[in-house]
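To keep things clear, I will list the structure first and then write my remarks on it.
The values are calculated or read from the model by the stated rules, or taken from the named source; none is laboratory data. Computed from a predicted model, the values in this text were never measured in an experiment. Neighbour counts run over all protein chains shown; Cβ positions are idealised from the backbone, glycine included.
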């Protein structure tokens, strides 16, 4: 990815969740003359976490940058900074395609380890991962990058077999199919709701 300024860093911010965290962090970066080039933030179980790529016109030591972000306006935050080098982390894999893997079943210890080990053993990279547990019901949604040369039908069969061993229902779809299918479901659900409202 391209950054606005030449000196780029990865920031990881964690805190108990409360209003004003994003404001405090973004204000600290603005006051440094910096730019937020990319970011992802979530709240889980009452804890806030944020990872971002930022760039500055002038270089700073990572620990000094973290201290500035943790300043008085961002008190109580845990902040880690490290240099960002796009060439080190962005290594395009020729012919690789993105798929979405979903799995649901009864929660049990080690289930994430089983699925991730299966994918790692096939040189499949997990680019996004989320899961939820409600009582004993577990749902995992994972975006994966499958290299060229892996036969889809064989991979799907292996994942389904793993699912059967663990008591899980597993589905692997191309990213485009997953997005189109879920957009259609949302559109249909929204239309149905409006039709009921006008009846």
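Some observations on this one:
- Scanning region 120-154 for residues that are closer than 14 Å to residue 101 by Cα and out of contact with any strand residue (DSSP E or B) (no Cβ under 9 Å at 6 or more places or on another chain) returns a single hit, 153.
- Hey, residue 184 at pLDDT 95 or above and in a helix (DSSP H, G or I) or not: no
- Filtered residues of region 28-48 (kept if surrounded by 13 or more Cβ atoms within 10 Å (Cβ to Cβ), in a helix (DSSP H, G or I) and out of contact with any helix residue (DSSP H, G or I) (no Cβ under 6 Å at 6 or more places or on another chain)): 29
- Among residues of region 16-27 that are more than 17 Å from residue 80 (Cα to Cα), those with a beta-carbon under 7 Å from a residue that is outside any helix (DSSP H, G or I) at least six positions away or on a different chain give the pairs 17/43; 17/46; 17/47; 17/48.
- For region 99-149, taking the residues that are exposed (fewer than 12 other Cβ atoms within 10 Å of the Cβ) and on the phi > 0 side of the Ramachandran plot, the one that is nearest to the chain's Cα centre (by Cα) is identified as 110.
- Cβ-Cβ contacts under 6 Å between residues 6 or more apart (or on different chains), taken from a first residue in region 110-135 that is in a loop (DSSP other than H, G, I, E, B) to a second residue that is loosely packed, with under 12 Cβ neighbours inside 10 Å, are absent.
- Residue match in region 161-168 (condition: modelled with pLDDT of 90 or more, outside any helix (DSSP H, G or I) and either at negative phi or surrounded by 10 or more Cβ atoms within 10 Å (Cβ to Cβ) (or both)): yes
- Qualifying positions in region 1-26 - surrounded by 15 or more Cβ atoms within 10 Å (Cβ to Cβ), over 27 Å from residue 129 (Cβ atoms) and touching a helix residue (DSSP H, G or I) at 6+ places or on another chain (Cβ under 9 Å): 24
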